[in-house]
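Structure record follows, encoded as structure tokens.
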Amino acid sequence: MPAKFTPKVVTANALLEGDVVYLTARDEWSRRLSDAKVLTDEADAQIRLIDASARASEVVGVYLADVATTDAGPKPTHFREDFRTRGPSNYAHGKQVEAL
Amino acid sequence: MYRYTDFDTAFVAERNAQFRAQVERRIDGSLTEDEFKPLRLMNGLYLQLHAYMLRVAVPYGTLNSAQMRQLAMIADRWDKGYGHFTTRQNIQFNWPKLRDVPDMLDALAEVQMHAIQTSGNTIRNVTADHFAGAAADEIADPRPVAELIRQWSTDHPEFQFLPRKFKVAVTGSPNDRAVTKAHDIGLRMVRNDAGDAGFEVIVGGGLGRTPMIGKIINSFLPEADLLPYLEAIVSVWNLLGRRDNKYKSRIKITVHEHGLDDIRARVEERFALLKSAFTGIDQQLYAGIKADFAPPAFSTRDTGPFDLSYANDPVFRAWVDSNVNAHRAPGYAIAQISLKAHGATPGDATSDQMRLMADLAAQYGHDELRVSHEQNIVLPHVHKADLPAVHAALKTLGLATANIGKISDIIACPGMDYCALATARSIPVAQEIATRYNELKLENDIGDLKIKISGCINACGHHHVGHIGILGLDRAGVENYQITLGGDHTETAQVGQRTGPGFAYDEIVPAVERIVDTYLSERTDADETFIDTFRRVGMTPFKTALYGEAEKRAKAA
Ligand code: HEM
Ligand code: SF4
């Protein structure tokens, strides 16, 4: 039996600013993970990944990142993805600034 | 200092214009990312975790005050008001926007700087002893050699698609401050018995996944043969080096797989062919470059003000004792400015700090600054009489930390706070160790101790050659830190040995404390440094301190 498909979001870096973005249900790029559409079906996730990867004039490095679904929306399951939602830990120079 | 010729200026301007057009074509969609990526990397532009990063070459770590001021201007105008000085004597800007990068490159060109060959499979920025031209123990200034190599290697048509990156370091002093044994090629300037100048050529050193100490391929290469010999080495590797597996592509693996004697024979054969192609132009060029590095006009002055402050001001005295080194000119000193204030990010300087350092170089330092591979800034030529004024000025902006070579003078790579390749963070580990030892007030008692931290196996933080090396890994989705002990980055270079299993993020600082406590209790007296104690007592007491007796018994069983 293949491994069970875990919930995912489509994520990338914005072409112009380089910062982390997530794909929303309306196929727009958002800076916030909470806006991201959570994908629970593998075939659907693959199609959205391929479509998003074709948007080369908007983003760079598109991939699927694992998330956990919670009442407060999707949450990262790996520390790397957690840092990507916030920014560096030595200065509040990333998304931490906006989150305040 | 070397000044651009008309050719250099035109070359950099043309590259910048090309890159500006490439950025435009990327933004308007006519270039895909796959097409654009190699172009941006050729110009030092990376995409990291949260933003782009622009890596600017500071050739052999030397810059003047106008260049430092321009870096400050760039930090303010297009970045977030700071820059990160790196172990490769470069500066990195962590937050540029793609559209702004061409303007940043033009601003760099105004002060004869660029980002060419700071990335990609080319011959990278040549690094050199940061005390070059100033050190009391120096045979000759290595920077003219480094500049010659830079001119030869920049845009060298044969070497734009090498199997992998290629790094060269040069030292002119027997005390190796340029880590020559951990580079693809390390050059040590030496004299033979007849007194002729030449090089000891070391090949196949490197860190990363497979750390190796370089081996001597030629113990005396006459000065005039340098470029044909280097060209022979790089071209032998260019053909033999493995392109099927990037983990086996560096010259260290080629030397390891073929054996030093085989490589030497091939290099000699190639050298014999190439030597006649270098018709002496390189030597004319070298003579011209040497003139550009003529020593500044040192003055003879009374060192009275220095002696007075040294006798009466304990804070100044502590700073001099740890941050000031012997200069070859009488009355002069080399002053190191620590970018490691306790708790700060190693290697970072704000634009205000950059401007202050530029002002001090202009006023007291013959207009010269250096970036050290240990991520500090050096004022190489300061008269001792001026040191009290320099120190007082540095204090105003948090730049007077007296910790060079101490436990808080940590090399740390950007790690997972910035780097897309990282498997764990390194900056906060450095910050916490420094903060902890500042609280304990043990730093001076501990003395010389190099901690070096990398956030992944690539080893940008030189952890293999740290007295205490820390490597951040991802173990089943949590940060885990492996420790090595006994590494050495000097002329007696050695790769550190692993202590055993790694430590979780919140266990790593206590683990370092147990290692340091073990050193303090094992050393014969305060004069026996950490590395000497480790070499004498070996790994066992440190292992016991880290893992307890149970672990040791389990191993023995
Ligand atoms: C953030 C972007 C960076 C990336 C993507 C990066 C990438 C790499 C990679 C892939 C290697 C391994 C090369 C190999 O073994 O073949 C490496 C090695 C190295 N890098 Fe970096 N690095 C980065 C930042 C830095 C910084 C900030 C420094 C200086 C502080 C640095 C200095 C070095 C050094 C000294 C080595 C090891 C020596 C060697 O074997 O070449 N790197 N880097
Ligand atoms: S060692 Fe790894 S984490 Fe650190 S800068 Fe190099 S590639 Fe990034």
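Tabulated data for the structure shown
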quantity: Dipole of the range B:411-556, positive direction: furthest Cα of B:Val495, B:Pro414, B:Thr435, with charges on the beta-carbon; calculated: B:Val495
quantity: Overall form of chain A per C-alpha gyration tensor (a/c, 1.5; a/b vs b/c); calculated: oblate
quantity: Shielding by partners, peptide A:15-25 (average Cβ within 10 angstrom, other chains); calculated: 4
quantity: Using θ = phi - 60° and Karplus 6.51 cos²θ - 1.76 cosθ + 1.60, couplings along the range A:4-16 (whole Hz; Gly, Pro as x); calculated: 5, 6, 9, x, 9, 10, 8, 9, 6, 10, 5, 4, 7
quantity: Cα-Cα P(r), the range B:160-295, percent of pairs per 10 Å interval; calculated: 12, 40, 35, 12, 1
quantity: Set of aspartates and glutamates with alpha-carbon distance to A:Lys4 below 16 Å, sequence-local pairs under 8 removed; calculated: A:Asp41, A:Glu42, A:Asp44, A:Asp66
quantity: Among B:Leu449, B:Ala459, B:Gly81 the positive-end extreme of the charge dipole of the protein assembly as shown (Cβ point charges); calculated: B:Ala459
quantity: Note, ³J(HN,Hα) from phi for the range B:320-327, Karplus 6.51, -1.76, 1.60, rounded to Hz, x at Gly and Pro; calculated: 4, 4, 9, 10, 10, 10, 5, 10
quantity: The range B:179-217 versus the range B:259-310: alpha-carbon centroid distance in Å; calculated: 14 Å
quantity: Likely footprinting exposure, B:Lys452, B:Lys290, fewest C-beta neighbours within 10 Å first; calculated: B:Lys290, B:Lys452
quantity: Crossing angle, helix A:42-53 versus chain A [Cα axis fit, 0-90 degrees, rounded to tens]; calculated: 50 degrees
quantity: Convex hull volume per residue for the protein assembly as shown, taking Cα atoms only, in Å³; calculated: 188 Å³
quantity: Within the protein assembly as shown: Cβ-based charge dipole about Cα centre, in debye rounded to nearest 20 (Lys, Arg +1; Asp, Glu -1); calculated: 1160 debye
quantity: Shape of the range B:273-342, Cα gyration tensor, a/c cut at 1.5; calculated: prolate
quantity: Principal semi-axes in Å for the range B:304-395 [√(5λ), Cα gyration tensor, largest first]; calculated: 21, 15, 12
quantity: Per-selection Kirkwood Rh - the range B:123-233 (Cα, Å, 1 d.p.); calculated: 14.1 Å
quantity: Whether chain B is rounded, prolate or oblate, judged on the alpha carbon gyration tensor where a/c under 1.5 counts as rounded; calculated: rounded
quantity: Dipole magnitude of the range B:411-556, debye to nearest 20 (Cβ charges: Lys/Arg +1, Asp/Glu -1, about Cα centre); calculated: 540 debye
quantity: Taking the range B:142-292 and dividing mean pair separation by its residue count, relative contact order in percent (alpha carbons under 8 Å, at least six apart); calculated: 21 percent
quantity: ³J(HN,Hα), Karplus 6.51/-1.76/1.60, whole Hz, each residue of the range B:517-525, x for Gly, Pro; calculated: 4, 4, 4, 4, 7, 8, 5, 5, 7
quantity: Dipole in debye (nearest 20) - chain B, about Cα centre, beta carbon charges: Lys, Arg +1; Asp, Glu -1; calculated: 1280 debye
quantity: Ellipsoid equivalent to the range B:435-556 - semi-axes via the Cα gyration tensor, in Å; calculated: 21, 18, 15
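Read-outs: derived from the displayed coordinates by stated rules, not from any lab. The shown structure was predicted, so the numbers you read here are calculated from the model rather than taken from an experiment. Virtual Cβ from ideal backbone geometry, glycine too; neighbours counted across all protein chains shown.
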